[in-house]
1. May I ask you to derive the relative contact order of the range A:180-254, considering only C-alpha pairs under 8 Å and at least 6 residues apart, and to give it as an integer percent?
2. If you bin every alpha carbon distance in chain A into 10 Å steps from zero, what whole percent lands in each bin?
3. Amide H to amide H, which residues 5 or more places from B:GLU181 or on other chains are under 5 Å from it, using H placed in the peptide plane?
4. Quick check: pseudo-label points 7 Å beyond the Cα along Cα→Cβ at A:GLU30 and B:ASP220, how many nm apart are they?
5. Nm distances between the label at A:TRP207 and the same-position labels in the remaining copies, 7 Å along Cα→Cβ, shortest first?
6. Measure out, as a whole number of angstrom, how far apart the alpha-carbon centroids of the range B:10-40 and the range A:49-65 sit.
7. Calculate the spin-label point distance for B:THR62 paired with A:ASP158, positioning each point 7 Å from the Cα along the beta-carbon direction, and give it in nanometres.
8. Look at the axis of the rotation that sends chain A onto chain B, then give the chain A residue with the nearest Cβ and the distance in whole Å.
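Coordinate-derived values only; no laboratory data. Small disclaimer: the values here were computed from a predicted structure and weren't measured. FYI the Cβ positions are ideal-geometry reconstructions off the backbone, even for glycines, and counts take in every protein chain you see.
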There are 2 protein chains.
Amino acid sequence: MNSEKTLIMVCNDDGIFSPGIKALAKVASEFGDVVVVAPDRQQSAVGHAITMSVPLRANAMTVAKKYKGFAVNGTPADCVKLAHGNLLKKNPDLILSGINHGSNAGINILYSGTVSAATEGTILGYSAIAISCTAYPEEADLTGAMEAARRVVKFVLDRGGLPRGVTLNVNAPEGEFKGIEWSRMADSRYVEEYEDRVDPFNRAYYWLTGQFELLDDGNDSDIHILNEGKATVTPIQYDLTDYSLLKEFGEEGL
Amino acid sequence: MNSEKTLIMVCNDDGIFSPGIKALAKVASEFGDVVVVAPDRQQSAVGHAITMSVPLRANAMTVAKKYKGFAVNGTPADCVKLAHGNLLKKNPDLILSGINHGSNAGINILYSGTVSAATEGTILGYSAIAISCTAYPEEADLTGAMEAARRVVKFVLDRGGLPRGVTLNVNAPEGEFKGIEWSRMADSRYVEEYEDRVDPFNRAYYWLTGQFELLDDGNDSDIHILNEGKATVTPIQYDLTDYSLLKEFGEEGL
């Protein structure tokens, strides 16, 4: 690996000013040159949204006084698309997304802007990794998440990249590093609760307050391993076809 | 099947006033009672976004002078969550999303609000089907898409529902019905292009104009079958784990 030539793009969904993206840019800088392309504000839970109805703007800026970058008025997936399509003069060797403040394990993967930025990179043909820390606070100790990122970045660069179509999704507990294991996405969901409230004009409104529910009792899932205090890395792919059911249903007429 | 007791919820991402949702509600009404819960405006390409930072509102209304419903100021996934969590007094037997104006085949599945509404239903434990027509215009002939929906709804209700974790994703060409086949999601992507423009204040902005690229030469993919003029139905699932790569990588240390 020639670190002079390695270019790593860093994105996230918490916005370009979040502590998590600075921590990830620092890890990336140990492996090569860094360029940051990230939303100009919080974009959590946007999933794989892309912006088509309004124009995008990208303001050149310096992140953490060190890393060149662009703040984009769009979603995480927009950032990766715009970086690839216009902003970057040279294609990055690796796209990193995070470090998200909050876990993206289990069903959270589907709602995650952090993971979608990495997946968008994978779709466009890049090697891409999403990294999240279970702790939400801005002042969370990201030491373990940074070490998990470091190990997975090294794994990917040492192999010369990831196979086409796969994204690595990394999660880490807050605090010091206590190991990292390969994992699968835990079966889980939110038991929806909306608080019914009434506004000052006596009109009803609803505020989401779902409770996370683990439906998976295996010991090899991302959430199980995280709960044991270790970081996880799950290979994910974007072909959503259920091949076993296709085989079963495919015999039946419609 | 007792049609008096069957309750079908209809959602979409084009908004509660789109012709497509009226066409789908009409098909649903052939099988049972219908309730519509849909965004109050266009929400295309929002992916699996959910709204957490602002309150949701739901206005009771009647759709196409026939169907009871709610217009929600949120995303398609929000509509399903809020319907499940608060709006509906009785759980629906089936959730339908569409008929979308525009194909949700191949990689479009990932960006689709239509598909995400159905997937959200699946996550919450419902049987759910997404239906899209390849034609964008509001006045598109949805005859074939309605017939495709009719056949797949009958397939699901006759079986007493879908297995947990699977969503059916239906696509149909514009115009008359010419058959429907089981399919898989085509490998595909957008070759990104952003038009660089300059605003009246001499500042740059970017507008997305990607070109769709089919990377899949199999004859069993959704896009291939659609191109032959037939409708498609693809079973999709939301466990994104790449199990074959997990097996391969799982042997390696990090």
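1. Values: 92 pairs, mean separation 26.7, N = 75.
It rounds to 36 percent for the range A:180-254.
2. With 10 Å bins starting at 0, P(r) equals 8, 30, 34, 19, 8, 2, 0.
3. Distant-sequence amide H within range of B:GLU181: B:ALA231, B:THR232, B:VAL233.
4. Here the modelled spin labels are 4.5 nm apart.
5. Its label point is 3.9 nm from the equivalent points in the other copies.
6. If you average the Cα positions of each part, the centres end up 35 Å apart.
7. According to this spin-label approximation, the distance is 6.9 nm.
8. Closest Cβ on chain A to the axis mapping it onto B, in Å: A:GLY47, 2.
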